[in-house]
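A short write-up of the structure that comes next.
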């Protein structure tokens, strides 16, 4: 398990982030970083896999799981944002850091996200390079990863279909997985990366749980649940009813006495 290989993983994420930044300057839209973020982790994983000695079926399996996750998530985000204006979050950052935001965004947004991707990819470094028999850990890892893909993929698909129906404009998506958690896609994302961390444990790399811990913190407290719901509640107070009856993250049944939707008062982003 070579430290230089892990450093090369950082080089790969920074390189892809820099190329994406160039495109963002031409388009005047930094939102495109969202669609490339998963590919940064895939780039790092590919670098780590080159250091596998020997290259085993286990290495192939883990790399395939990373590819499936990264291509699905990137494809979903790119398709969702295609033809849309720059995301409101990034417009606010742009206004805050003008003038010369184009240059500032390289470090502030693109290299920052590349650094996060590198840290989060940490479990993949030993998982892909250390030849071990994972046994029960591997079985558990695949199970957790699969559950995560179901929550993330199905959650995204359900929300996309809901938004595509004009009859649902202004309503809360509280059906399917969204009935049991307000963020099934975020919950699934965390499961996926905790699954990858389980692949690293047979190599004795327990410290790599720092990667999924960081991701979980980011989704819960920084860029995910807290930030998104703060802006929704500020703009659409009726969203509070959905918050009151539905778990924020870990799925669970709607709270007793609050299952029913509020007619004419159901709003969602």
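The values are calculated or read from the model by the stated rules, or taken from the named source; none is laboratory data. All figures in this text were calculated on a predicted structure; none of them were measured in a lab. For neighbour counting, all protein chains shown are included, and Cβ atoms are generated from backbone atoms with ideal geometry for every residue, glycine included.
Data table
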| item | result |
| --- | --- |
| Region 109-119: number of residues that are within 15 Å of residue 20 (Cα to Cα) and buried (at least 16 other Cβ atoms within 10 Å of the Cβ) | 7 |
| Residue in region 146-154 that is more than 19 Å from the chain's Cα centre (by Cα) and free of Cβ contacts under 8 Å to residues at least 40 places away in the same chain present | no |
| Top-ranked residue in region 17-32 [being touching a residue at least 40 places away in the same chain (Cβ under 8 Å) and over 11 Å from residue 111 (Cβ atoms); ranked as surrounded by the fewest Cβ atoms within 10 Å (Cβ to Cβ)] | 28 |
| Within region 58-135, helices (runs of 4 or more DSSP H) holding 2 or more residues that are outside the structural domain of residue 229 (by TED's automatic domain parsing) and over 25 Å from residue 148 (Cα atoms) | 88-97, 101-105 |
| Residue list for region 156-181, restricted to those being at pLDDT below 95 and outside any helix (DSSP H, G or I) | 165, 169, 170, 171, 172, 173, 174, 175 |
